[in-house]
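Engineer: Can you keep this structure in mind? I'll have questions shortly.
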Amino acid sequence: MKVTETRLRGCFIIEPQLFKDERGYFFESFNEARFNERMGISTHFVQDNQSFSTRGVIRGLHAQTGDFAQAKLVRVLQGEVLDVAVDARPGSPTFGQHVAVTLSAANQLQFFIPRGFLHGFSVLSNTAVFFYKCDNYYNKASETGVVYNDPGLNINWQVDADKAGISPKDAELPFFNDVFK
């Protein structure tokens, strides 16, 4: 696998090694020992999640705080999404900045988002199946988030804002500067 760190320290794009022939392809999507060695970290994933969404849906920006903060390893099983990570680590030189990566079933890229980041994605294809591994269990009381269209973050979700599918809960999230100071 090829590992490339983004401009946000700790966020990595992972490109698996595909073995292709006339029948299709094979690749190892996750190997804990190899992953930790290549990333230079020690992460143990404990929960897998999967979602299905239609074109224009935006999910995020979400995080968990405190003892239930989560690192995530995300990928797309079907379709294409724009995946976004926002640095919410106080004191980080990239605090409040974001990086966006196009993940698809075609490119097979994975994206690692460490603890201390907000995370979200928008669906660029007709439908998408999104899969992610978490290194900590979900805890409702530890949820936090920021509204997807926060002008201070200036994220281009690459979907028509007038037609974006946003949950009522996500639409009512606060601005970044109201949560992270």
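Engineer: Using Cα pairs under 8 angstrom and six or more residues apart, how large is the relative contact order of segment 45-179, in percent?
Structural biologist: On the way: 326 pairs, mean separation 51.9, N = 135.
Over segment 45-179, the number comes to 38 percent.
Engineer: Sticking with this one: Compute the orientation-averaged projected area for segment 1-92 from the convex hull of its Cα atoms and round it to one decimal in nm².
Structural biologist: Working: hull surface 32.1 nm².
Orientation-averaged projected area of the Cα hull: 8.0 nm².
Engineer: Comparing 24, 79, 145, which has the greatest mean-square fluctuation in the GNM of the chain with Cα pairs linked when under 10 Å apart?
Structural biologist: Top of the fluctuation ranking is 24.
Engineer: Amide H of residue 175: which non-local residues (sequence gap of 5 or more, or other chain) have their own amide H closer than 5 Å, using H built in the peptide plane?
Structural biologist: Correct list: 147.
Engineer: Compute the distance from the alpha-carbon center of segment 112-138 to that of segment 68-108, in whole Å.
Structural biologist: 7
Engineer: Sticking with this structure for a sec: Counting other C-beta atoms within 10 Å, and keeping those with at most 15, which DSSP coil GluC sites (Glu not before Pro) do you find in segment 1-108?
Structural biologist: On the way: sites: 5, 22, 28, 32, 37, 80; in loops: 22, 28.
Filter output for segment 1-108: 22, 28.
Engineer: Would you look at the GNM of the chain, springs on alpha carbons closer than 10 Å, and say which of 164, 71, 106 moves the most?
Structural biologist: 106
Engineer: A follow-up question, please. For the chain, modelled as a GNM with alpha-carbon contacts under 10 angstrom, which of 45, 19, 95 fluctuates the most?
Structural biologist: Looking only at 45, 19, 95, the largest GNM fluctuation is found for 19.
Engineer: Next question. Against the 2.2 N^0.38 Å scaling, with N counting residues, where does segment 45-179 land? I'd like the Cα-based Rg ratio to two decimal places. Show your work: numbers first, answer last.
Structural biologist: Values: Rg = 13.9 Å, N = 135, 2.2 N^0.38 = 14.2 Å.
That works out to 0.98 for segment 45-179.
Every number in this text was worked out from the coordinates using simple rules, so none of it is lab data. Computed from a predicted structure; not experimentally measured. We place every Cβ from the backbone using ideal geometry, glycine too, and count neighbours over all the protein chains shown.
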